[in-house]
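Read through the structure below, which is laid out as structure tokens, and then see the notes.
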Amino acid sequence: MPELTPRQTVAELDRYIIGQDAAKRAVAVAIRNRWRRQQLPPELRKDVTPKNIIMIGPTGVGKTEIARRLAQLVGAPFLKVEATKYTEVGYHGRDVESMIRDLTEIAVGMIKQEQRKLVESRAKERVTERLLDLLIPNKGHWEAEDSPDAERKQRTREKFRAKLEAGELEDRPVEMSVEQKAVPVQIFSNLGMEQMDVDFQNMFEKLMPRNSQPRSLTVREARRVLLEQEAEALIDRNVVAEKAVELVENQGIIFIDELDKVCGPQSTHGPDVSRQGVQRDLLPVVEGTTVNTRQGPVRSDHILFIAAGAFHVSKPSDLMPELQGRFPIRVELTDLKRDDFLRILTEPKHSLTKQYAELLATEGVTLEFSPDGIEAVADIAFEVNRTMQNIGARRLHTILERVVEEVSYEGPDLPQKRVVIDGTYVRDRIGAILQREDLSKFIL
């Protein structure tokens with residue numbers, strides 16, 4: 001994080017997301033402010049809270065992608081949730097505090113990956129010794145260290161060690177017991193009692209016997225299984241829990257999508273009876289509260305919350321005033337224009353046209369998009385979004401899939417392995433659908 005200035009963060013996001021400069025600038029400043037906060041004296045640091053962001057814009061313009069790419073960029077634990085899957089405590093469904101627990105488990109996975117790299121060399125040494133034990137079984141009787149049998153066994157062990165290191169025994173079968181992972185026990189997760197779920201999970205893990213069964217594996221397969229076991233044994237769980245909690249509290253990012261679906265006029269029937277309750281429950285979590293997790297209590301004061309919604313029917317002012325105050329930064333994402341579609345098809349690092357070309361290259365088919373072909377796709381996407389439901393860049397998936405459908409189907413059997421998609425090709429595939437309004441609504 002220290003070397004990423006807001007300008008550099010925006011430049012990195014530009015490689016994947018077209019346009020939406022206001023949103024990129026807002027998240028870049030928010031991330032930089034986190035680093036700035038870490039440089040402050042401890043007594044001041046605890047009072048500096050993150051400025052949460054609301055992104056307002058239609059579907060398919062890049063709201064989720066901005067948050068996801070940002071988290072990857074800074075290596076922060078990131079969780080995307082939909083506001084609609086949470087309910088007020090007491091209703092059937094998940095309570096909002098579970099998002100903090102889920103984020104903590106993501107952080108645990110990230111810390112474990114780091115710790116594995118630190119213990120990898122020691123784990124490999126232990127794996128080699130265990131493989132030698134499997135390859136040269138112990139006869140079961142005690143031998144003095146200076147006896148001829150012990151010396152002979154040591155020489156044999158060294159010979160096998162040299163063969164192992166040279167990779168000569170990779171396909172040799174060995175018998176070993178492999179531990180079966182316990183299935184997580186979820187009892188109360190849908191009854192608004194998720195903390196009891198956490199406690200029961202821990203209790204069952206301690207009470208249930210570890211189930212292992214003998215399997216015949218090659219040395220190559222056994223090494224992978226043993227490396228996982230040894231790395232897990234060498235990792236200090238207390239260190240993982242402490243670092244995960246610290247990472248979540250200082251670097252965590254939660255992206256709450258579909259926030260507009262839990263605001264608006266209160267309904268008196270159906271699944272929306274607890275929408276106001278969800279907002280009330282979100283208040284303390286976003287402002288800062290302590291949530292009990294399997295790794296210990298986690299404070300949400302300095303977690304960055306990025307909310308998003310189309311706000312077609314409702315508007316941000318329909319949210320509870322207290323919740324509005326928790327999201328001081330508001331950025332509006334604009335509708336995609338024809339030129340935006342053109343850039344989306346060509347500029348991003350893994351653009352859609354590159355993806356289709358690489359997919360078909362696996363079949364030996366060379367797929368080329370000519371400039372006029374890309375312009376035709378962009379024109380059609382813009383026009384369909386304008387005349388029908390605006391679903392943003394997702395419209396490109398529908399149209400491109402229709403354009404390359406025949407090539408994808410015939411790919412393995414095509415006699416001519418080079419296919420050029422130009423404007424005429426695109427209009428031939430899409431033109432008839434566009435002319436029939438009822439059909440275009442159904443297919444495009």
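With the checklist (1) crowded, with 20+ Cβ neighbours inside 10 Å; (2) without any contact (Cβ under 8 Å) to a residue 24 or more places away in the chain in hand, flag the one item residue 57 doesn't pass.
(2)
So which helices (runs of 4 or more DSSP H) stay within segment 308-386 end to end and still have 1 or more residues that are over 30 Å from residue 279 (Cα atoms) and charged (D, E, K, R)? Steps first, please.
On the way: elements: 321-326, 338-346, 352-361.
The helices (runs of 4 or more DSSP H) meeting that bar are 338-346, 352-361.
Whether any residue in segment 100-116 is in contact (Cβ under 8 Å) with a residue 24 or more places away in the chain, under 15 Å from residue 249 (Cβ atoms) and acidic (Asp, Glu) is what I want to check.
Yes.
Does segment 378-397 include one or more residues that are in contact (Cβ under 8 Å) with a residue 40 or more places away in the chain, more than 31 Å from the chain's Cα centre (by Cα) and more than 26 Å from residue 333 (Cβ to Cβ)?
No, there is no match, as no residue in segment 378-397 is in contact (Cβ under 8 Å) with a residue 40 or more places away in the chain, more than 31 Å from the chain's Cα centre (by Cα) and more than 26 Å from residue 333 (Cβ to Cβ).
Within segment 217-261, count every residue that is outside any helix (DSSP H, G or I) and touching a residue at least 60 places away in the same chain (Cβ under 8 Å). Don't jump to the end; show me each part of the working.
Going through segment 217-261, the residues outside any helix (DSSP H, G or I) turn out to be 217-218, 235-236, 252-258.
Cutting the leftovers down to touching a residue at least 60 places away in the same chain (Cβ under 8 Å) gives us 235-236, 252-258.
Here the count works out to 9.
Taking segment 179-199, which residues are surrounded by 16 or more Cβ atoms within 10 Å (Cβ to Cβ) and either at pLDDT 55 or above or not assigned by TED's automatic domain parsing to the domain that holds residue 127 (or both)?
Residues satisfying the conditions are 197, 198.
Look through segment 414-444, keep the residues that are surrounded by fewer than 16 Cβ atoms within 10 Å (Cβ to Cβ) and β-branched (Val, Ile, Thr), and return whichever of them is farthest from the chain's Cα centre (by Cα). Explain how you work it out, then say what you get.
Step one: list which residues in segment 414-444 are surrounded by fewer than 16 Cβ atoms within 10 Å (Cβ to Cβ), which gives 415-418, 420, 424, 428, 431-432, 435-439, 441-443.
Filter again for β-branched (Val, Ile, Thr), leaving 420, 424, 443.
Values: 420: 35, 424: 39, 443: 30 Å.
Ranking the qualifying residues of segment 414-444, first place goes to 424.
If you go through segment 365-391, how many residues are modelled with pLDDT under 90 and either closer than 30 Å to residue 415 by Cα or among the hydroxyl-bearing types (Ser, Thr, Tyr) (or both)?
1
The values are calculated or read from the model by the stated rules, or taken from the named source; none is laboratory data. Owing to the predicted nature of the structure, the values given are computational and were not obtained by experimental measurement. Glycine gets a Cβ as well: all are built from the backbone with ideal geometry, and neighbour counts include every protein chain shown.
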